[in-house]
Each structure stands twice: as structure tokens, then as C-alpha cells.
Amino acid sequence: MTEFKDEDYVDPALLQFDLQNPRAGSDTFADEGEAISHLIASADIDEIVSSVLSAGWIDYEPLIVERGSNTVLEGNRRLAALRMIGNTAARQKAEYRLPAVSDPKPLPEKVRVRWVSNRQEARSFIAFKHINGPAKWDAFAKARYAKDWLDEGASIADVSKAVGDNHNTVLRLVNGLIVLDQAVAEGFDKSDITAAKFNFSHLYTALTRPSVRKYVGLTDEVSAILPKDPVPKAQIGELQTVMGWLYGQSRQGREHVIRSQNPDLNQFVKVLTEPRAIAVLEKTKTLRLAFEEVEPPSFRFEEALKDTALSAERTLGLMSHFDAGTQGLLLETVQKLATSVRILRDEMRSKMQPDDDL
């Protein structure tokens, strides 16, 4: 194996997985087995395995490999697929079953790699492909990659240009990750959330709102990168409470209350402006009840009326599907609805008109 060319052909068995793969976000892997398990669970390895078995190895681009350590900085999914096909022990450890493919093609004896001296040298290519190109990472992986780049001395301007996002977006991503790292260090467990998945956007969006920043003890300054462990020790409890409301922690018996960015996150941000509303949320674990403490009743009336009108319009649009033979009893429901609408109209009119008895 020649050590002096930018590109070479290498036995894939000699290549090492990146235990700091940005796909893992805040996590790092203890060994190759953990890295493979993560990729199987989250990166659709089956697709590549099936392709290699059915059509053979397609050398469409080289793996990006750090010279000396043989660490694959770009191409870990492809390397995992090769391991699962060619290494029985690794496959058994991962409890991975190969798909049934008739006439499977042989594995390549060597794969093309492009050597780089270090991670910094690989940054631009990886950023183009995974952040601004065809194989995009999610916001979590993008944040980790941008933060690592900044930690190496790059400027916000350079990172923003490379990842294809504006200055403020990169700030939000990186600051969200900094706070997440502190929360994890203080006990938050990403694997123990009650939400269906970890929506990183909930956290980094919430942290741009003054009420959330005040609640966890961050400064009002949102135009700079946060320092390490920015939440004061005295308010770590509040940080963990916010993380529980956003994502849940099952072992602590804390259920997440944010189901969607809109309207839940917007309501949650407003709840944190009012101590009474916070107390209701802590007691009832119900965002709707807490939000009623800060939302004017007149606004709730307006929203309910608009929702009712929209529902009525959607129902009217489906009128052609009404089956009189089997759904005749629905007429009683409509009659009750008509009565409620008349009463509502009359009550609103009476409040808008002067009282003749005065």
C-alpha cells in the first residue's frame, strides 16, 4: 500500500470506523461494534448491503480516510455494509441478518480511498456532501459538525459559508448543542425520552426565546457562541425541567408536553413568562391548562370559533359523500349544531347591540 498518493486501493478489513462520527450527534462510540449498531439502527445499512449483494460494489466515489489511523471520516455506512457482508463475527455480534439475495456478487478485495492528513483536511468535502449536498445530515449531526469545526479555530463566517446556512442558523444550532451537552453531563438521558424521537429543533428554537433563556439562566445575548456549560449551577434544575418538558424522561416519570413545534412550542414559550402558568404546568403536566393562564379568554374564544368554522366548511365540502341510507341519524347531530350556532349568534348580537331597557 503506497503511502504517498492522495488516492489508493485498500483492503476494507484494514479500515477503522470513525468513533466520533457526526451522525451520532453528542454521542461517541466505545468501539467498532457500537458504531456498527448505531449505523444499522439509524442509517439504513440494509439498502447498501442489498445493493452490494445484488449488483456488486460500485466505486462511485472514494472513502475519505485519515492517513496513519486508517479512520474512515466519510463512508462509514459503506464500510458497515462491507463488514456485515464479509465478517461473520461482526455480523453475529450486531445480530444482523443478511437479506436473501440469489446469486450474490463477491465483495471487492480492495476499495478506493482518498487519503487526508486529519479531520480538518476532510471538512470541506464532507460539509458539501452531508450539509449542503445530496446526502444531508439532520440538524443534530450538522450542529455537531459545525461546533467541532469552530472548536478547531474556524470562524462563524467560514463555517456558515461551508455548510450553506446563514450566520444566525449556525449560531442557533451550535448553541443548542452546547446547552444539550451540559444537560447530558448533568443527567439528561437522550435514550430515555418519552417522545417518539429526539427533535433537536425544539431545543435550539426554544433557546432563542427570552422566556426560556431567562428560565434557565442564560444571558439575553443571542448573537454569540455560548461558552462551555453556560447554564449556572444554581439553575441546572430548571434546565433539566425544560429538557423533561421538551422530551420527557421515563425513569423520572416525566412525560414530554411538546408534541409539535406549532402550536405546542409557541405555547410553552409563553407559559414560561408567567409563574402561575409554570405552576399549573408542573402540577398538571398539561400544556393546554398551563397556557390558559397566559392566554386571554377572548383569544381562546376567537380561536375556537375559527376552528369551528373551518370544520364546518370541510364537512360541507364532503356533503356529496353523505349516505342517507346508513347515516340518517347524523341529521340529529346537524340539528343540534344548528341550534348551538343560532344561540351563539344571538348571544354575540346581544352583546354588540345597546340594551333598550337602559
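The values are calculated or read from the model by the stated rules, or taken from the named source; none is laboratory data. In this text the structure is predicted, and so the values were computed from the model without any measurement. Backbone-built Cβ (ideal geometry, glycine too); neighbour counts: all protein chains shown.
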| task | Could you run through the range 210-253 and say how many residues are buried (at least 18 other Cβ atoms within 10 Å of the Cβ), over 24 Å from Thr286 (Cβ atoms) and of a type in the set (A, V, I, L, M, F, W, C)? | result | 4
| task | Confirm whether Thr208 is under 22 Å from Asn175 (Cα atoms) and in contact (Cβ under 8 Å) with a residue 12 or more places away in the chain. | result | yes
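Please tell me if Asp181 is in a loop (DSSP other than H, G, I, E, B) and among the charged types (D, E, K, R).
Working: in a loop (DSSP other than H, G, I, E, B): no; among the charged types (D, E, K, R): yes.
In short, no.
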| Out of (1) assigned to a helix (DSSP H, G or I); (2) more than 18 Å from Tyr96 (Cβ to Cβ); (3) among the polar types (S, T, N, Q), what's the single condition that is false for Ser54? | (2)
| message | Anything in the range 185-226 that is closer than 25 Å to Arg251 by Cβ, among the polar types (S, T, N, Q) and in a loop (DSSP other than H, G, I, E, B)? List them, or say none. | response | Thr194, Asn199
| Which members of the range 254-284 meet the condition of being closer than 22 Å to Asp181 by Cα and either surrounded by fewer than 19 Cβ atoms within 10 Å (Cβ to Cβ) or β-branched (Val, Ile, Thr) (or both)? | Glu255, Val257, Ile258, Gln261, Val269
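Yes or no, residue by residue, for (1) over 17 Å from Arg144 (Cβ atoms); (2) in contact with a strand residue (DSSP E or B) (Cβ under 6 Å, 6 or more places away or on another chain); (3) surrounded by fewer than 16 Cβ atoms within 10 Å (Cβ to Cβ); (4) not acidic (Asp, Glu):
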{"position": "Phe29", "(1), (2), (3), (4)": "no, no, no, yes"}
{"position": "Glu34", "(1), (2), (3), (4)": "no, no, no, no"}
{"position": "Ser37", "(1), (2), (3), (4)": "yes, no, no, yes"}
{"position": "Ala41", "(1), (2), (3), (4)": "yes, no, yes, yes"}
{"position": "Ala55", "(1), (2), (3), (4)": "yes, no, yes, yes"}
{"position": "Leu63", "(1), (2), (3), (4)": "yes, yes, no, yes"}
{"position": "Arg78", "(1), (2), (3), (4)": "yes, no, no, yes"}
{"position": "Leu82", "(1), (2), (3), (4)": "yes, no, no, yes"}
{"position": "Thr88", "(1), (2), (3), (4)": "yes, no, yes, yes"}
| request: Filter the range 77-101 for residues that are in contact with a Lys or Arg (Cβ under 9 Å, 6 or more places away or on another chain), of a type in the set (A, V, I, L, M, F, W, C) and in a helix (DSSP H, G or I) and give the result. | output: Met84, Ile85, Ala90
| task | Determine if the range 180-197 includes at least one residue that is hydroxyl-bearing (Ser, Thr, Tyr), closer than 19 Å to Gln261 by Cα and either modelled with pLDDT of 95 or more or surrounded by fewer than 17 Cβ atoms within 10 Å (Cβ to Cβ) (or both). | result | yes
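Let's see how each residue does on (1) modelled with pLDDT of 75 or more; (2) part of a loop (DSSP other than H, G, I, E, B); (3) within 23 Å of the chain's Cα centre (by Cα):
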| residue | (1), (2), (3) |
| --- | --- |
| Arg112 | yes, no, no |
| Ala143 | yes, no, yes |
| Lys147 | yes, no, yes |
| Leu150 | yes, no, yes |
| Ala154 | yes, yes, no |
| Asn168 | yes, no, yes |
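Looking at the range 119-127, is at least one residue among the basic types (Lys, Arg) and at pLDDT 90 or above? Walk me through how you get there before you give the answer.
Within the range 119-127, the subset among the basic types (Lys, Arg) is 119, 123.
If we keep only those that are at pLDDT 90 or above as well, we get none.
Within the range 119-127 (the criterion being among the basic types (Lys, Arg) and at pLDDT 90 or above), the answer is no, since none of the residues qualifies.
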| query | Of everything in the range 7-58 that's closer than 23 Å to Arg114 by Cβ and in contact with a Phe, Trp or Tyr (Cβ under 6 Å, 6 or more places away or on another chain), which residue is modelled with the lowest pLDDT? | reply | Pro22
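Within the range 211-221, is there a residue that is among the acidic types (Asp, Glu), modelled with pLDDT under 95 and within 19 Å of the chain's Cα centre (by Cα)?
Of the range 211-221, the ones among the acidic types (Asp, Glu) are 220-221.
Filter once more, so that each one left must be modelled with pLDDT under 95: 220-221.
This time we only want the ones that are within 19 Å of the chain's Cα centre (by Cα), so: none.
No, that holds for no residue.
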